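Encoded as structure tokens, the structure appears first; notes follow it.
Just so it is clear, none of the values below were taken in a lab; they were calculated from the coordinates. Worth saying up front: this structure is predicted, and the values here are computed from it rather than measured. Every residue, glycine as well, gets a Cβ built from its backbone with ideal geometry; the counts of neighbours run over all protein chains shown.
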Amino acid sequence: MKLLVAIKRVVDHNIKVHIKADGSDVELAGVKMNINPFDENAMEAAVRLKEQGIASEIVAVTVGTAAAQDVLRHALAMGADRAILVQSDARLQPLGIAKLLQKIVEREQPGIILLGKQAIDDDAGQTGQMLAALLDYGQGTFISALHIENGAAIVTREIEGGNEKIAVIGVENWGAGFHQIGDLKMAYQGVDAPFKILLSHDPTHWDEQVRKDYRDIDLTLSGHTHGAQMGIETHGFKWSPISLRYEKWAGLYKEENQYLYVNRGYGFL
């Protein structure tokens, strides 16, 4: 499995920063720069997965000027196999970075994407979440530990008063009336977490199998019904031709203590 780790070049965390005389920005001239510490944590997590034999390749990527090559060399020294510099002199905001990373992901096709929880220069903490939304990928945020067990990502995140453990389980396409490729029984083996999320493309999987046999899967996230979800929503009215095929085709659904969310993609007016 290939891992993609996004890193950022920031002022070294040991340096005391100063504001420019005109108050427009932080003074960067002559200041020591380094890899963002939280991105360094992401690199360390990737290296551990490779040492465990779970990952076969680590690709580091950053966006910035030619000077950003120094943080890529740092990543290579830590254990990355390849490094990618998306060269830009523009000062990009998190959404712009996420869109560039989206193109890298589509080209590299990594199994897991790792980012630091935030950058210490702007403390935005937005790029990872935006990237997940653009790719329609599941995500774990602010995690303190990552384990891969039987094809499922087990993440631990710190919360007030303790830790929270979440299991993310993924299967290939499984749906009523289509080829049922995914094997939820196999993916579920050994999963032990108080909150379980299933990533399954077709929403019929929820009624056909999840609700019947896996009552402890708390949330199922499904795709947009094989790309046929064109429709309209206005003044409380919502309709799409795909509603003739799928009972649950857009939005959030709940049955007892289980939830299904069906992404409706970009086909809506």
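Here are a few things to note about the model shown:
- Candidate aspartates and glutamates for bridging to Lys117, where Cα separation is under 13 Å - those fewer than 8 sequence places away on the same chain excluded: Asp39, Glu40, Glu158
- One decimal place: the segment Asp136-Glu44 gains 30.6 nm when fully extended, by the rule 0.36 nm per residue minus the C-alpha distance.
- Helix 94-108 and the longest principal axis of the C-alpha atoms of the chain enclose an angle of approximately 70°.
- Sequence of His18, His13, His74, His205 once ranked by neighbouring C-beta atoms within 10 Å, starting from the fewest: His18, His13, His74, His205
- Rounded to 10°, Cα long-axis angle of helix 37-51 versus longest principal axis of the chain: 60 degrees
- Total charge dipole magnitude, the chain, about the Cα centre, Cβ charges on Lys, Arg, Asp, Glu only, Debye to nearest 20: 380 debye
- Of Glu106, Glu160, the sequence from fewest to most neighbouring Cβ atoms within 10 angstrom is Glu160, Glu106.
- Residues of region 119-138 with amide N under 13 Å of a point placed 7 Å along Cα→Cβ from Ile15: 121
- Mean Cα-pair separation over length for the chain, i.e. relative contact order, pairs under 8 Å, 6 or more apart, %: 12 percent
- Links that overshoot a 25 Å alpha carbon limit, given the list Lys185/Lys254; Lys2/Lys254; Lys99/Lys165; Lys185/Lys248; Lys20/Lys99: Lys2/Lys254; Lys99/Lys165; Lys20/Lys99
- Taking a ≥ b ≥ c as the square roots of the eigenvalues of the Cα gyration tensor, an a/c ratio of 1.5 or more together with a/b larger than b/c marks the chain as prolate.
- In terms of its C-alpha gyration tensor, region 78-184 has an oblate overall shape, because the principal axis ratio a/c (a ≥ b ≥ c, square roots of the eigenvalues) is not below 1.5 and a/b does not outweigh b/c.
- Magnitude of the charge dipole for region 29-160, about its Cα centre and with charges confined to Cβ atoms of Lys, Arg (+1) and Asp, Glu (-1), is about 280 debye.
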